[in-house]
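Encoded as structure tokens, the structure appears first; notes follow it.
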Amino acid sequence: QVRLVESGGGLVHAGGSLRLSCAASGNIFRLASASWYRQASGKQRELVAKVTSSGTTTYADSAKGRFTISRDGAKTTLFLQMNTLTPEDTAVYYCNLFFLGRDYWGQGTQVTVSS
């Protein structure tokens, strides 16, 4: 059974920073691609950043230069360091693992950036 629990969201002023964490249980974390997605109110869920099991990272254009995704295999935790936040980053952020054709999702954590 895979369970993902996000934390670290909250309210921050524009220009501030947050660090999201996703604690994973189960046995697939080290083998899976791990990603952060976000969904703003009234919009579709979108990929923010991804890190493969080998450590290759990709970022949405909106995240490049501001966000950093990382994973701690020993602790089965995924992180997203978000800097220079803007109100456009306001959304629910979801942790995702993708393994053998299947997606696993967390419950999401709200990030709100005030102007």
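Here are the numbers:
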{"item": "Residue in the stretch 12-28 that is assigned to a loop (DSSP other than H, G, I, E, B) and open to solvent by 70 Å² or more (accessible area, probe 1.4 Å) present", "result": "yes"}
{"item": "Scope the stretch 80-94; condition open to solvent by less than 10 Å² (accessible area, probe 1.4 Å) and either within 12 Å of the chain's Cα centre (by Cα) or under 12 Å from Tyr37 (Cα atoms) (or both); matching residues", "result": "Leu80, Met82, Asp89, Ala91, Tyr93"}
{"item": "Hey, Arg19 of a type in the set (D, E, K, R), modelled with pLDDT under 95 and within 13 Å of the chain's Cα centre (by Cα) or not", "result": "no"}
{"item": "Some residue of the stretch 2-11 being of a type in the set (Gly, Ala, Ser) and part of a strand (DSSP E or B)", "result": "yes"}
{"item": "Residues of the stretch 32-78 that turn out to be touching a strand residue (DSSP E or B) at 6+ places or on another chain (Cβ under 6 Å), open to solvent by 30 Å² or more (accessible area, probe 1.4 Å) and either hydrophobic (A, V, I, L, M, F, W, C) or in a loop (DSSP other than H, G, I, E, B) (or both), as a count", "result": "3"}
{"item": "Enumeration of residues in the stretch 95-112 that are among the hydrophobic types (A, V, I, L, M, F, W, C) and buried (at least 21 other Cβ atoms within 10 Å of the Cβ)", "result": "Cys95, Leu97, Val111"}
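The values are calculated or read from the model by the stated rules, or taken from the named source; none is laboratory data. The shown structure was predicted, so the numbers you read here are calculated from the model rather than taken from an experiment. Counting neighbours? That spans all protein chains shown, and the Cβs are built from the backbone with ideal geometry, glycine included. Surface accessibility is based on the protein's heavy atoms, side chains included, excluding ligands, DNA and RNA. Shrake-Rupley method; radii C 1.70, N 1.55, O 1.52, S 1.80 Å.
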